[in-house]
Amino acid sequence: MTEELKLETIAKGNYSGLEGPKNSWIINTEQAWSAFYNKLESKNILRPTAPSVDFSQHTILAIYMGEKSSGGFSTEISKVLQLMIHSLYTNRD
């Protein structure tokens, strides 16, 4: 059984301090969020403050499609599903 989870975009852009091949992150602490956001915005002269997140209630999923040599590319998380697995174990002894 799967359940669709609520999804909210808190940051999206075309230019960041992230480098290298495509990657993804699961961020669930303020410390990890601060470090990730600082790297994300490291090339932004204005350096906006990281959006506030209540990590007791929320988890951040971040994706990066890697560097591209031209414009016209984009990526986004469109759906998040929670997989619920129920199992029944029977001992036949």
- [ ] Would you please list the contacts, defined by Cβ atoms under 7 Å and residues six or more apart or on different chains, that run from a residue in segment 42-57 that is of a type in the set (Val, Ile, Thr) to a residue that is open to solvent by 90 Å² or more (accessible area, probe 1.4 Å)?
- [x] none
Task: Of residues in segment 1-53 being under 14 Å from the mean Cα position of the chain (by Cα) and aromatic (Phe, Trp, Tyr), the one surrounded by the fewest Cβ atoms within 10 Å (Cβ to Cβ) - done: TRP25
Open item on the list: With surrounded by 10 or more Cβ atoms within 10 Å (Cβ to Cβ) and at pLDDT below 90 as the only criterion, which of ILE85, ILE60, ILE77 stands out?
Closed with: ILE77
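The values are calculated or read from the model by the stated rules, or taken from the named source; none is laboratory data. No experiment lies behind these values; they were computed from the predicted model shown. A quick note on method: Cβ atoms are made from the backbone with ideal geometry, for glycine too, and the neighbour counts reach across all protein chains shown. The area values use the complete protein model at the heavy-atom level, side chains included, leaving out ligands, DNA and RNA. Shrake-Rupley method; radii C 1.70, N 1.55, O 1.52, S 1.80 Å.
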